[in-house]
Amino acid sequence: MEITISVNGTDNTVDVEPRMLLVDVLRTRLGLTGTHIGCDTTSCGVCTVLLDGTPVKSCTLFAVQADGRAVKTVEGLKQNGDLHPIQAAFKEAHGLQCGYCTPAMMLVGSVLIEENPDPSEDDIRWAISGNLCRCTGYINIVKAIRLAAETVAASS
Ligand code: FES
Ligand code: FES
């Protein structure tokens, strides 16, 4: 099937088998390897992307379900060449170790601070509850998302 997906603001028309998963199209057909694969069974969240602004696990979605829709991956977070505040905050607060969960954590965090500019620790932990991290103990991830919210609030 031929489908067209807007990915990070650019329309991409690709010929896919109906059974192809969105994560595989992103990684192998579009070269966007910032979207990771972990469990492949909807548990770990490392494959999270934004579909029309909502976090979804791209290992659980057929690419054809994204036809005509907008996907944002971690590669699309940068704004005019600058790091998105959530990326800068993860760097500043050292919100990562191996980095495997990080793209998904940043995408989820970016949505949270857009929807809730002053998130509590509980709000942040709830927002990332579908995303597993096996390195950090989550403490610096929570700090990073909080820092990003503060940075955005201070600049607006
Ligand atoms: S790879 Fe998609 S949830 Fe784990
Ligand atoms: S930083 Fe390694 S899994 Fe989260």
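The values are calculated or read from the model by the stated rules, or taken from the named source; none is laboratory data. Everything numeric here is computed off the predicted structure, so don't read it as measured data. Every residue, glycine among them, receives a Cβ derived from its backbone with ideal geometry; neighbour counts consider all protein chains shown.
Points worth noting:
- Restricting 108, 71, 23 to those that are among the aliphatic types (A, V, I, L, M), at pLDDT 95 or above and in contact with a Leu (Cβ under 7 Å, 6 or more places away or on another chain) reduces the list to 71.
- From the list 65, 97, 87, 79, the one residue that fits, being of a type outside the set (Lys, Arg), closer than 17 Å to residue 149 by Cβ and at pLDDT 95 or above, is 87.
- Qualifying residue in region 16-25 (condition: under 15 Å from residue 105 (Cβ atoms) and within 13 Å of ligand 1 (Cβ to nearest atom)): no
- Selection count where residues are buried (at least 19 other Cβ atoms within 10 Å of the Cβ) and either of a type in the set (Ser, Thr, Tyr) or in contact (Cβ under 8 Å) with a residue 60 or more places away in the chain (or both), scope region 39-63: 9
- Subset of region 93-104 (residues that are without any contact (Cβ under 8 Å) to a residue 60 or more places away in the chain and out of contact with any Cys (no Cβ under 6 Å at 6 or more places or on another chain)): 93, 94, 95, 96, 99, 102
- Which numbered condition residue 114 fails, given (1) in contact with an Asp or Glu (Cβ under 7 Å, 6 or more places away or on another chain); (2) surrounded by fewer than 22 Cβ atoms within 10 Å (Cβ to Cβ): (1)
- Here is the figure for region 139-154: residues that are more than 14 Å from ligand 2 (Cβ to nearest atom), surrounded by fewer than 14 Cβ atoms within 10 Å (Cβ to Cβ) and without any contact (Cβ under 8 Å) to a residue 24 or more places away in the chain total 1.
- Any hit, region 76-91, residues being closer than 26 Å to residue 132 by Cβ, among the small types (Gly, Ala, Ser), away from ligand 2 (no atom under 16 Å from the Cβ) and surrounded by fewer than 19 Cβ atoms within 10 Å (Cβ to Cβ): yes
- Residues that are loosely packed, with under 15 Cβ neighbours inside 10 Å and either in contact (Cβ under 8 Å) with a residue 12 or more places away in the chain or within 14 Å of residue 91 (Cα to Cα) (or both), drawn from region 117-138: 117, 118, 121, 125, 134, 135
- Any hit, region 52-75, residues being within 6 Å of ligand 1 (Cβ to nearest atom) and either touching a Phe, Trp or Tyr at 6+ places or on another chain (Cβ under 7 Å) or acidic (Asp, Glu) (or both): no
- Taking region 39-156 and the helices (runs of 4 or more DSSP H) fully enclosed by it, the elements with 3 or more residues that are over 15 Å from the mean Cα position of the chain (by Cα) and β-branched (Val, Ile, Thr) are at 139-155.
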